[in-house]
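The values are calculated or read from the model by the stated rules, or taken from the named source; none is laboratory data. None of these values were measured; they are calculated from a predicted model. Ideal geometry is used to build each Cβ from the backbone, glycine not excepted, and the neighbour counts take in all protein chains shown.
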C-alpha cells in the first residue's frame, strides 16, 4: 500500500499490494532504524514493502510526525494506512501514548511484523486488514505513504475509502514522490472530491511532497 522506494533499480513486488499471503519465502531479518528520535531494532521480511531498509518516502514523512508540537498530549484514534512492517505506526505509538494507533495493510505478513515489533518496543498498535476496521471509527489523523504504483484509479478509490473517515478537525498526511504524480494528486484532492476538506503541500524534500488534507467541518 505505501509507494515503492523510488531508487532507479527498485523493483516493486506486486504481491505486496494485492496478496494477503505473499508466496515469497518468509525470510526474516533484523534491522536497526531510527524512529521517534531513537535507534531501535525491528524485524522485517521479504514480501513486505521496503523490507530491507527505511524507504526514502517514509524517511521524509517521519520528521513531520516527530516534530508535531503538542502531539504527545492528544487523544483519539490515528491511522497508519499501508503500514508495511510498521515504521510510521511504531513512531506514532512511541510518541503518542494517549492515542490509539491503528495500522492497516493488505499483507498479513506485514501485519504480523507490526504486532511483533510493537511488542518488542513495548507499545500497542492495532494492526488489521482493512475490512477488519470498524467502519464507524473516525480518525484524528491519517498518515500514509500511499501505493502510487497501483494506478490512479485504484489509488483514488483507496483514498476515497479512508480520507472521508477523518474526524472533524482531523488531518491526513500523504507522502508522494514528485515524479510519480504528487502535483496531480494534490490537484485531484483539492478539486472537490472530498467535500469539507482543503489540501495543501506542507513539505518538499528529496524529490517528495507531503500533502496534508484537513477536514474543516
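Couple of notes before you dig in:
- Scan of the stretch 147-161 for residues that are part of a loop (DSSP other than H, G, I, E, B) and surrounded by fewer than 20 Cβ atoms within 10 Å (Cβ to Cβ), ordered by number: 151
A quick yes/no check of all residues on (1) under 23 Å from residue 55 (Cβ atoms); (2) touching a residue at least 24 places away in the same chain (Cβ under 8 Å); (3) part of a strand (DSSP E or B):
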position: 172; (1), (2), (3): yes, yes, yes
position: 176; (1), (2), (3): yes, yes, yes
position: 193; (1), (2), (3): no, yes, no
position: 198; (1), (2), (3): no, no, yes
position: 204; (1), (2), (3): yes, yes, yes
position: 213; (1), (2), (3): yes, yes, yes
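- Looking only at the stretch 129-146, and only at residues there that are over 13 Å from the mean Cα position of the chain (by Cα) and under 11 Å from residue 101 (Cα atoms), the one that is surrounded by the fewest Cβ atoms within 10 Å (Cβ to Cβ): 140
- For the stretch 81-95, the count of residues that are on the phi < 0 side of the Ramachandran plot and assigned to a strand (DSSP E or B) is at least one.
- Annotation: residue 206 fulfils all but one of (1) surrounded by 14 or more Cβ atoms within 10 Å (Cβ to Cβ); (2) within 21 Å of residue 59 (Cβ to Cβ); the unmet one is (1).
- Criterion: out of contact with any strand residue (DSSP E or B) (no Cβ under 9 Å at 6 or more places or on another chain), within 23 Å of residue 50 (Cα to Cα), touching a residue at least 12 places away in the same chain (Cβ under 8 Å) and not in a helix (DSSP H, G or I) - qualifying residue of 142, 106, 101, 123: 106
- Given (1) at pLDDT below 95; (2) in contact with a helix residue (DSSP H, G or I) (Cβ under 8 Å, 6 or more places away or on another chain), index of the condition residue 104 fails: (1)
- Verdict on residue 72 being under 17 Å from residue 132 (Cβ atoms), part of a helix (DSSP H, G or I), in contact (Cβ under 8 Å) with a residue 24 or more places away in the chain and in contact with a helix residue (DSSP H, G or I) (Cβ under 8 Å, 6 or more places away or on another chain): no
- Some residue of the stretch 13-28 being surrounded by fewer than 16 Cβ atoms within 10 Å (Cβ to Cβ), more than 28 Å from residue 160 (Cα to Cα), out of contact with any helix residue (DSSP H, G or I) (no Cβ under 9 Å at 6 or more places or on another chain) and at pLDDT below 90: yes
- So residue 69, is it more than 21 Å from residue 212 (Cα to Cα), surrounded by fewer than 24 Cβ atoms within 10 Å (Cβ to Cβ) and over 13 Å from the mean Cα position of the chain (by Cα): no
- Which listed residue is in contact with a strand residue (DSSP E or B) (Cβ under 8 Å, 6 or more places away or on another chain) and either surrounded by fewer than 20 Cβ atoms within 10 Å (Cβ to Cβ) or on the phi > 0 side of the Ramachandran plot (or both), from 164, 168: 168
- Selection status of residue 124, out of contact with any helix residue (DSSP H, G or I) (no Cβ under 8 Å at 6 or more places or on another chain) and either under 16 Å from residue 92 (Cα atoms) or surrounded by fewer than 13 Cβ atoms within 10 Å (Cβ to Cβ) (or both): no
- In the stretch 132-146 there is at least one residue matching the filter, namely being modelled with pLDDT under 95 and within 30 Å of residue 31 (Cα to Cα).
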